[in-house]
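Beneath this line is the structure, given in structure tokens, with notes to follow.
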Amino acid sequence: MKKIAKYILGICCASSLLMTGCIDETFPTNVATGDQLASSAKATEALLWAMPAYANKFDVLGSGAHYDWGYGSIIHIRDVMTEEYAVATSTYDHYANWHRNEALGENWARTQFIWNYYWKFVQTANNMIRTIDPEVASEVQLGYLGAGYGFRAFLYLDMAQMFEFLENDGTSSVNTAGNSVLYLTVPIVTEDITEEEARDNPRVSRQEMYDFILSDLQAAEEYIQHMSRSNKTLPDLSVIYGLRARLHMWVGEYADARTYARKAIDTGNYTPTTQDQWLNTSTGFNDLSTSSWMWGSQMQSEDEVVQAGILNWTSWASNETTYGYASAGPYNLIDARFYSRISNDDFRKLSWKAPEGSALEGKNTYVNQALGEELPEYASLKFRPGSGEVGDYTVGSSCAYPLMRIEEMYFIEAEAAAHLNATEGVQLLENFMKTYRYSSYACTASGSDDVVDEIFLQKRIEFWGEGISYFDYKRLNKPVERGYVGTNFADLSRFNTTTRPAWMNFCIVRTEKMNNSALVDYENPDPSDCYTPWVNN
């Protein structure tokens, strides 16, 4: 029997909803004051490293929930909401509610996890920003300040896109209280907010949030140049440019998005992932030093998420272990129809186990041949366990996952260009694909919309499992179609939408409204169960 059983029996999963909101996290009482921290180089450095450490924060809710293990879990949540990421039916799947669109409203602990995680992460950035006065700071401290602004912009850009209500085919923009929540994002909590302000802090519009994030990124650009980055768990100037590119894409400022994507490419010393790097059974998508990775998160053997055994990135992302969750039943699969759209000339297609009788059958490489042969068709091979270790979780889970890769900048540049001029978009896409993916690639699309669709397809292939595609579905108003003859989606996940799905508008938790009166009656409608699964009649 797999080792997973031991860990499941050893961890208590509380189902009660924790009564904690972000207001509780705004005013820490158990940390040093700003003056104390500013006087200590080690203390300010500790605040710096607290930010990347929080990416792998374990058990934010304190309930032992098996989806509560950090930013990697948020990535997985976003992925299972898309069309191309299927999950095999299993009683071990703690993410089933997200891909089944069940119980995602304001009263559920899983919704509370997302809210609490982001706001506690924002607190780590606010602590960094609050501590350093740029007027008296040293060069080193100015660099730390830039990193703080970079992390905060990253988190708010995530939240803005996840919680912003956009029109869809399942729920109305007018909620049950009769208020329109269209284009509303989340409240803004800065480093100097007062308790009185925090208790009456409304959701802000898209424009106001954009202005705030842009201001943070401008500050980050100014200050981060003073920091010599020691490893890629911290942002640098190229990452700040990458975040600017993402920000401009969100609001459709395509000329600026293209400009900043190119700045990111030209500023950093990165090269797109090669075939050997991509398919490597020891270091494939688990190595922070990979040439294309601009920014990532690293787990160490002593980290709580690793010591937990099964509550970490490798456990959930890699099918090729003997101890992880994914390999115990909820296998990560690529949608069968989506897989069929990938060219056999494209080495990225070898990221998934080829189905029997297909042209690529027998051409996959596995960490362990025997385990690989047991995997179901279409199973992901993209995220390898650390050092190719399938049995020892202290080694296999001591690895990294990407937060930003240089390839994203090439795709942003191409898509932004396509919105402005289809021909230029085609040229940029073909240049990237022919140079870095497969030489026989040709884009047959012509009009801007069709070129954007082709870029959307190739970007989904490129970033499968990295939490990126969700943002493109929502931004571009793309439907999800999982129900069709031959689908490999689980029965209760076979939804077909006509626009972006309602479930891509995340809900704000009830406990936050209890602490912040401005949120009362301005909740996103609950999307739960608003679609009926497709049935093959």
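The values are calculated or read from the model by the stated rules, or taken from the named source; none is laboratory data. Here the structure is a predicted model, which is why all the values come from computation and not from measurement. Glycine gets a Cβ as well: all are built from the backbone with ideal geometry, and neighbour counts include every protein chain shown. Areas reflect the complete protein model, heavy atoms only, side chains present, ligands, DNA and RNA absent. Shrake-Rupley method; radii C 1.70, N 1.55, O 1.52, S 1.80 Å.
Hull volume per residue, based on the alpha-carbon atoms of the stretch 433-477 and their convex hull, is 70 Å³. When the pairs 349/478; 263/363; 42/263 are compared against a 27 Å limit on Cα-Cα distance, 263/363; 42/263 fall above it. Only helices at least 18 Å long along their own axis, judged from Cα atoms, and with Kyte-Doolittle mean hydropathy of 0.5 or greater: name those in the chain from DSSP H. Within the chain the helices that satisfy the rule are 139-163, 237-250.
Looking at the chain, the accessible area is 37 square angstrom per residue; that uses a 1.4 Å probe and ignores ligands, DNA and RNA.
Could you point to the label whose value was computed as percent of Cα pairs over 28 Å apart for the structure here, given (1) 54; (2) 58; (3) 63? Working out percent of Cα pairs over 28 Å apart from the coordinates points to (1).
Per-residue ellipticity at 222 nm for the chain, helices alone: DSSP H runs ≥ 4 residues times -39500 (n - 2.57), over residue total, nearest 500 deg cm²/dmol? After summing the helix terms and dividing by residue count, I get -12500 deg cm²/dmol.
Short to long, the 5 Å bins of the Cα pair-distance histogram for the stretch 394-537 hold 2, 8, 13, 14, 14, 13, 14, 12, 6, 3, 1, 0 percent of all pairs. Only protein atoms count toward the accessible area here, which uses a 1.4 Å probe; on the stretch 188-296, the carbon and sulfur part of that area reaches 41 percent.
The per residue volume of the convex hull around the alpha-carbon atoms of the stretch 453-537 is 140 Å³.
Assuming a ≥ b ≥ c are the square roots of the Cα gyration tensor eigenvalues, decide whether the stretch 387-479 counts as rounded (a/c under 1.5), prolate (otherwise, with a/b larger than b/c) or oblate. Prolate. Each principal axis of the Cα cloud of the stretch 410-453 was taken in turn, and the coordinate range along them, longest first, works out to 25, 19, 14 Å.
On the basis of the beta-carbon distance and an R0 of 56 Å, residue 207 and residue 491 show a calculated FRET efficiency of 0.85.
By a 1.4 Å probe calculation restricted to protein chains, residue 191 has an accessible surface near 40 Å², given to the nearest 10.
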